[in-house]
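Notes follow the structure.
The values are calculated or read from the model by the stated rules, or taken from the named source; none is laboratory data. Fair warning: this is a prediction, and the values are worked out from it, not measured in the lab. Positions of Cβ are generated from backbone atoms using ideal geometry, with glycine treated the same way; all protein chains shown enter the neighbour counts. Calculation scope for accessible area: heavy atoms of the full protein, side chains included, ligands and nucleic acids excluded. Shrake-Rupley method; radii C 1.70, N 1.55, O 1.52, S 1.80 Å.
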Amino acid sequence: MSIKNLERRKFDTLVIGAGGGGLRSALQLAEADAHVAVVSKVFPTRSHTVAAQGGMNAALANVLPDNWHWHMYDTIKGSDYLGDQDAIEYMCRSAAHLVYELEHQGVPFSRMDSGKIYQRPFGGQSQNFGGEQAARTCAAADRTGHAILHTLYQQNIRAKTHFFDEYFAIDLIKDKDGFILGALVLEIETGEPLLIEAKTTLLATGGAGQLFRTNTNAHINTGDGLAMALRAGLPLQDMEFFQFHPTGLAGKGMLITEGARGEGGYLVNKDGERFMERYAPHAKDLASRDVVSRAIATEVREGRGCGVNADHVMLKLDHLGRDVLYKRLPGICDLSKTFMHIDPAEEPIPVFPTAHYTMGGIPTNRFGQVVVPVDQGEESIPGLYAVGECACVSVHGANRLGGNSLLDIVVFGRAAGNDIKKYLKTNRHHRLIDEKSVEQALAHLKRWDEPVGDGSESVNELRAELQKTMEDYCSVFRTEEILQQGLDKVLSLEQRMKNVRIQDQSKVFNTARIEAMELENLVDLAVATVKSALERKESRGAHSRIDYPDRDDVSWLKHSLYYKEGHRMDYKPVTLKPLSVDSFPPKPRVY
Amino acid sequence: MRFKIYRYNPETDKKPYMQDFVLDEVTDDMMLRDALILLKAKDETLTFRHSCGEGVCGSDAININGSNGLACKSRLSELKQPVEVRPLPGMPVIRDLVVDMEQFYHHYRAIKPYLTVHDPVPEVEFKQTPEQRDKLDGLYECILCGACTTSCPSFWWNPDKFRGPAALLQAYRFLADSRDQSTAERLQELDGPYRMFRCHSIMNCVNVCPKGLNPTEAIHNIKKLMIKDLI
């Protein structure tokens with residue numbers, strides 16, 4: 001494919017990714033009569049938002065007293081004070097409105113006798129700034145992500161959004177002045193590239209859970225947008241903070257929602273001890289995810305794990321009764337029966353901390369604009385936005401609270417949509433496309449079209465090695481020595497990518513080629529993650545260093561920024577000043 | 001374990017064929033999706049859709065030993081050998097196990113699968129009792145995998161006119177929602193000899209649904225609403 005006969009399309013806005021974040025932005029824009037295209041490598045309802053189970057946080061106070069300010073405090077504490085307090089205030093203030101809006105759009109939330117939306121307790125939630133447990137998570141049984149994603153897709157059908165289903169995004173197109181002008185994408189069915197020119201481009205491509213061997217994520221979660229940003233010369237923020245969900249099905253990875261503990265389930269070790277009472281005397285099993293994951297890993301490390309290999313703990317649910325279980329948690333009952341032959345109404349479920357969520361990402365502000373540091377402050381990249389798991393606003397800081405990611409995607413999906421509307425008013429015309437940038441993107445694609453590498457490596461083996469390396473060298477507990485070894489290993493994998501040759505050179509629905517490009521993306525993100533982790537010499541949230549066991553607010557109350565070129569690190573301050581209320585200054589974090 | 005897999009690459013094959021595969025590394029807890037991934041590691045041209053691996057994304061519906069289902073929820077130890085794997089029936093094949101789903105999505109869009117409310121919306125949620133909400137159970141969980149519609153003989157005969165079980169299940173999902181205000185329009189839209197009334201209660205859809213849903217019952221309920229509407 002040469003640049004001359006490259007097919008080109010023009011839109012006001014290009015949205016890459018059709019999960020909740022992308023679809024919520026697209027809806028905002030389509031309803032404002034902007035010409036919007038959504039590109040997704042899978043049919044929209046296959047996006048990974050569909051797998052979110054437990055729910056979405058908003059201080060509706062339907063079950064227990066609540067207000068957004070308490071939610072804000074919990075989120076900041078949960079983030080181990082690395083979250084930006086302006087963005088967190090904005091998110092928590094908007095939450096109730098966004099839930100009501102989703103309800104009006106058709107989300108089948110579970111209900112209380114009063115007819116109001118059902119809310120369940122979740123980890124890290126409190127009333128009155130650290131007091132009693134709150135019940136803040138709005139749920140549609142344990143299929144809340146499915147309910148929200150399908151509803152948002154349905155609303156986009158109504159709004160007649162233009163979809164490019166099964167198109168894979170290759171690279172952003174950028175001009176000399178730093179404007180983002182759209183992206184080169186690949187139609188998977190035909191294998192033909194397509195240039196989508198857009199005045200604004202929004203990345204909503206989700207996280208990179210496929211970095212790790214055992215993960216709760218889908219096959220598609222390869223962090224494509226994050227790697228595209230790196231290749232466009234942009235930094236990634238706080239990549240060392242990767243969330244391990246306490247309760248993945250042991251050895252398999254499928255997610256068992258935190259809602260299981262929210263409904264009253266609890267964890268036990270091989271002695272039948274409810275061990276969370278030792279680690280978090282107040283919140284117990286509903287402490288923050290990083291706390292519970294470390295506790296489980298410690299129990300297993302100290303020989304109190306269950307099973308023949310003593311390599312997991314048990315999640316006990318049978319005391320809740322069959323009726324409650326099958327009413328409130330039908331999805332995980334089905335999962336557990338299908339994949340483990342275990343009926344949770346009768347037996348406990350074996351669980352272990354499992355790679356789950358990318359807290360880091362493309363640095364943005366609370367308007368969804370992608371921002372980079374300049375001299376004394378930061379400036380936005382004109383025409384580029386990012387929302388959801390691929391973005392780092394940062395509302396999750398060093399540890400995300402359960403129930404805050406479904407909230408994140410709709411709050412900032414809408415916010416980015418609104419800001420794009422403003423941008424389009426003042427930038428009414430497409431800029432001239434930078435043909436050199438297009439050529440570069442085409443060259444990237446061509447590398448996989450031709451038998452370039454010597455064929456001594458395969459995509460499949462390298463991916464397995466990468467995932468194993470990340471699991472062994474960049475997991476729940478970390479040290480300088482292990483991280484340094486891990487970095488050497490991922491850097492050598494980066495070199496070995498050059499030798500990969502794909503055998504399948506056909507065009508039509510060539511998934512081997514897609515998987516090769518996804519692996520390229522994962523390798524870049526593995527380096528970003530391990531490098532950022534090696535450099536951060538403290539323990540904070542999900543980043544737990546045995547050699548630096550304490551949080552160090554003097555040296556490390558700052559965001560990491562990783563650049564691909566030269567594997568360079570930079571840092572920027574955390575925004576401690578909220579929009580309207582007083583700041584929550586860092587203090588010791590106990591649950 | 002032995003497999004017979006439908007192969008077709010439009011660039012190189014004049015017509016489709018069945019290819020034999022043998023996989024040694026099979027364990028008790030493996031699903032068909034795991035096997036397909038291992039086979040693809042040996043022959044990367046083998047092409048199929050898959051994603052979440054836990055039966056919620058709906059990507060990997062295929063025909064397994066003559067019956068539609070999700071590869072990720074089909075346990076190998078429960079399948080008769082050689083496991084015969086084919087694309088969903090009645091759909092144009094793009095390559096190997098990947099079919100063109102556009103016809104299926106078209107019918108889904110056609111039933112207007114979104115809540116329609118004419119009254120002004122409240123500043124809080126619409127009230128809905130638990131009993132009203134219970135009516136949506138067994139309907140909203142659909143993952144649009146297409147297993148039901150492509151197992152339906154009525155759909156095979158009239159793929160352009162009959163909406164098919166998946167779309168009709170979603171039509172009823174909105175008819176059953178206490179918040180929706182376009183019952184008359186929805187019923188009118190489904191009237192006529194083809195769109196819904198091609199359903200002859202063969203119930204293949206119920207037998208294959210990987211989520212245990214019952215489109216036949218939903219269609220029956222729509223018919224009851226139509227009769228109620230008449231009287």
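The table for this structure:
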| item | result |
| --- | --- |
| Total residues in the stretch A:550-573, condition out of contact with any helix residue (DSSP H, G or I) (no Cβ under 8 Å at 6 or more places or on another chain) and either within 30 Å of A:Glu494 (Cβ to Cβ) or assigned to a loop (DSSP other than H, G, I, E, B) (or both) | 15 |
| Those residues of the stretch B:43-63 which are more than 30 Å from A:Ile256 (Cβ to Cβ) and within 7 Å of chain A (Cβ to nearest Cβ), in sequence order | B:Glu44, B:Thr45, B:Thr47 |
| Test: residue in the stretch B:69-79 that is within 11 Å of chain A (Cβ to nearest Cβ) and in a strand (DSSP E or B) | yes |
| In the stretch A:286-309, the residues that are farther than 10 Å from A:Pro246 by Cα and not in a loop (DSSP other than H, G, I, E, B) | A:Leu286, A:Thr298, A:Glu299, A:Val300, A:Arg301, A:Cys306 |
| Within the stretch A:47-62, considering residues that are in a loop (DSSP other than H, G, I, E, B) and of a type in the set (A, V, I, L, M), the one least open to solvent (accessible area, probe 1.4 Å) | A:Ala58 |
| Members of the stretch B:154-189 that are under 19 Å from B:Cys205 (Cα atoms), of a type in the set (A, V, I, L, M, F, W, C) and open to solvent by less than 50 Å² (accessible area, probe 1.4 Å) | B:Phe155, B:Phe162, B:Ala166, B:Ala167, B:Leu168, B:Leu169, B:Ala171 |
| The one condition in (1) modelled with pLDDT under 95; (2) open to solvent by 10 Å² or more (accessible area, probe 1.4 Å) that A:Ile409 fails to fulfil | (1) |
| Residues satisfying the stated conditions in the stretch A:448-468, i.e. assigned to a helix (DSSP H, G or I) and either open to solvent by 50 Å² or more (accessible area, probe 1.4 Å) or at positive phi (or both) | A:Asp449, A:Asn460, A:Glu461, A:Ala464, A:Glu465, A:Lys468 |
| Residues within the stretch A:142-165 that are within 8 Å of chain B (Cβ to nearest Cβ), crowded, with 21+ Cβ neighbours inside 10 Å and hydrophobic (A, V, I, L, M, F, W, C), tallied | 1 |
| Residue count for the stretch A:251-274, restricted to those that are away from chain B (no Cβ under 12 Å), among the aliphatic types (A, V, I, L, M) and under 23 Å from A:Thr338 (Cβ atoms) | 2 |
| Test result for A:Thr358, crowded, with 19+ Cβ neighbours inside 10 Å, out of contact with any Leu (no Cβ under 8 Å at 6 or more places or on another chain) and more than 13 Å from chain B (Cβ to nearest Cβ) | no |
| Identity of the residue in the stretch A:86-101, open to solvent by less than 10 Å² (accessible area, probe 1.4 Å) and within 14 Å of chain B (Cβ to nearest Cβ), that ends up nearest to A:Asp582 (Cα to Cα) | A:Ala95 |
| Single unsatisfied condition, A:His71 versus (1) more than 14 Å from chain B (Cβ to nearest Cβ); (2) in contact with a Ser or Thr (Cβ under 6 Å, 6 or more places away or on another chain) | (2) |
| Options A:Tyr571, A:Tyr548; residue that is open to solvent by 50 Å² or more (accessible area, probe 1.4 Å) and free of Cβ contacts under 8 Å to residues at least 12 places away in the same chain | A:Tyr548 |
| Test: residue in the stretch B:56-75 that is charged (D, E, K, R), open to solvent by 40 Å² or more (accessible area, probe 1.4 Å), without any contact (Cβ under 8 Å) to a residue 24 or more places away in the chain and farther than 25 Å from A:Gly191 by Cβ | no |
| Residue ID - surrounded by the most Cβ atoms within 10 Å (Cβ to Cβ), chosen from residues in the stretch A:326-352 that are without any contact (Cβ under 8 Å) to a residue 60 or more places away in the chain and of a type in the set (D, E, K, R) | A:Asp334 |
| Any hit, the stretch A:479-497, residues being within 14 Å of another protein chain (Cβ to nearest Cβ) and among the acidic types (Asp, Glu) | no |
| Sole residue being more than 27 Å from the chain's Cα centre (by Cα), surrounded by fewer than 15 Cβ atoms within 10 Å (Cβ to Cβ) and more than 30 Å from B:Pro210 (Cα to Cα), chosen from A:Glu379, A:Glu302 | A:Glu302 |
| Matching residues, the stretch A:102-127, being open to solvent by 10 Å² or more (accessible area, probe 1.4 Å), in a helix (DSSP H, G or I) and either without any contact (Cβ under 8 Å) to a residue 40 or more places away in the chain or more than 14 Å from chain B (Cβ to nearest Cβ) (or both) | A:His104 |
| Enumeration of residues in the stretch A:305-325 that are over 28 Å from the mean Cα position of the chain (by Cα) and touching a residue at least 60 places away in the same chain (Cβ under 8 Å) | A:Val324 |
